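K.L.:
Quick one: the structure is below, and I'll ask about it shortly.
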Amino acid sequence: MTMKLLLSEKKIQQRVGALARQISKDFSGRELLMVGVLKGAFVFLADLARKMKVPVKIDFVRLASYGSGTCSSGKIRFTKDLEVPLKGKDVLIVEDIIDTGVTLKYLYRCLRARRPRSLIVVTLLDKPRRRKVPFQADYTGFHIPDHFVVGYGLDCAEEYRNLGGIYIVK
Ligand code: PRP
């Protein structure tokens, strides 16, 4: 297995800073509930939250797809739900990567039904060529080609989540 650097730690940190500034500007004077999608988003959420200029609260969800093998079957369920109600809140879903779009489409619909004041999505990475269902994040860090990537929260069999950069695995 070989690993090739795709996004350096410095480049990621600069982009996360820019996303935090943009989101903070767009939500100036409001408070955001940041909802991290476990596990992959934990690093991105930690960095983004510390760069935000508006007050934030933090919660997490964990979702699992079930059905056939490793491919998204389109069937998703919560294995960990939010611990706070969303009604009337400004909610920011924080995701590490959008691939087929199945996870976020499901999550967005579920959270929307809980009547937040607003519901927006930030993803660090987007692989638009892999999309099976249409889904567009409000804020995107990087559009990347269709390679398997690890680091900065993303894993390969639970390894490499702690790397500062993002690498293509071959
Ligand atoms: C990854 C990623 C997203 C989802 C995106 O999670 O963190 O949540 O897949 O894929 P999709 O757009 O095809 O639905 P994964 O299931 O690998 O879990 P993990 O974050 O715990 O590693």
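All of the numbers you see were taken from the coordinates with simple rules; none came from a lab. Quick caveat, the model's predicted, so the values are computed rather than measured. Counting neighbours? That spans all protein chains shown, and the Cβs are built from the backbone with ideal geometry, glycine included.
K.L.:
Quick one: go through region 146-170 and flag any residue whose amide nitrogen is under 13 Å from the point 7 Å out along the Cα-to-Cβ line of T2.
P.N.:
168-170
K.L.:
Of S8, I144, L163, whose Cα points farthest to the positive end of the dipole of the chain (charges on the beta-carbon: +1 Lys, Arg; -1 Asp, Glu; origin at the Cα centre)?
P.N.:
So the residue we want is I144.
K.L.:
May I pose another question? Ratio of alpha-carbon Rg to the 2.2 N^0.38 Å globular estimate for the chain, to two decimals, please. Intermediate results must be reported in sequence, preceding the final value.
P.N.:
On the way: Rg = 15.5 Å, N = 170, 2.2 N^0.38 = 15.5 Å.
So the Cα radius of gyration is 1.00 times the expected 2.2 N^0.38 Å.
K.L.:
Give me Rg over Rh for region 95-170, both radii from the alpha carbons and Rh done the Kirkwood way, two decimal places.
P.N.:
Numbers: Rg = 13.5 Å, Rh = 13.3 Å.
My calculation of the ratio gives 1.01.
K.L.:
Assuming 1.306 mPa s and 10 °C, estimate D for region 1-68 with Stokes-Einstein, Rh taken as the Kirkwood radius over Cα pairs, in µm²/s. Working shown, then result.
P.N.:
On the way: Rh = 13.8 Å.
The estimated diffusion coefficient comes to 115 µm²/s.
K.L.:
Which ³J(HN,Hα) values in Hz, rounded to whole numbers, follow from the phi angles of region 97-105 under the Karplus curve 6.51 cos²θ - 1.76 cosθ + 1.60, where θ = phi - 60° and Gly and Pro get x?
P.N.:
Taking θ as phi minus 60°, the curve returns 8, 10, 10, 6, x, 5, 4, 6, 4 Hz for region 97-105.
K.L.:
Based on Cβ point charges of +1 for Lys and Arg and -1 for Asp and Glu, what charge dipole magnitude is obtained for the chain about its Cα centre, in debye rounded to the nearest 20? Mind showing how you got there, number by number?
P.N.:
Details: 31 positive and 17 negative charges, 96 e Å.
Dipole about the Cα centre, nearest 20: 460 debye.
K.L.:
Using the Karplus curve 6.51 cos²θ - 1.76 cosθ + 1.60 with θ = phi - 60°, work out ³J(HN,Hα) for each residue of region 123-130 in order, rounded to whole Hz, and write x for Gly and Pro.
P.N.:
In residue order, the calculated couplings are 10, 6, 10, 9, 10, x, 6, 8 Hz.
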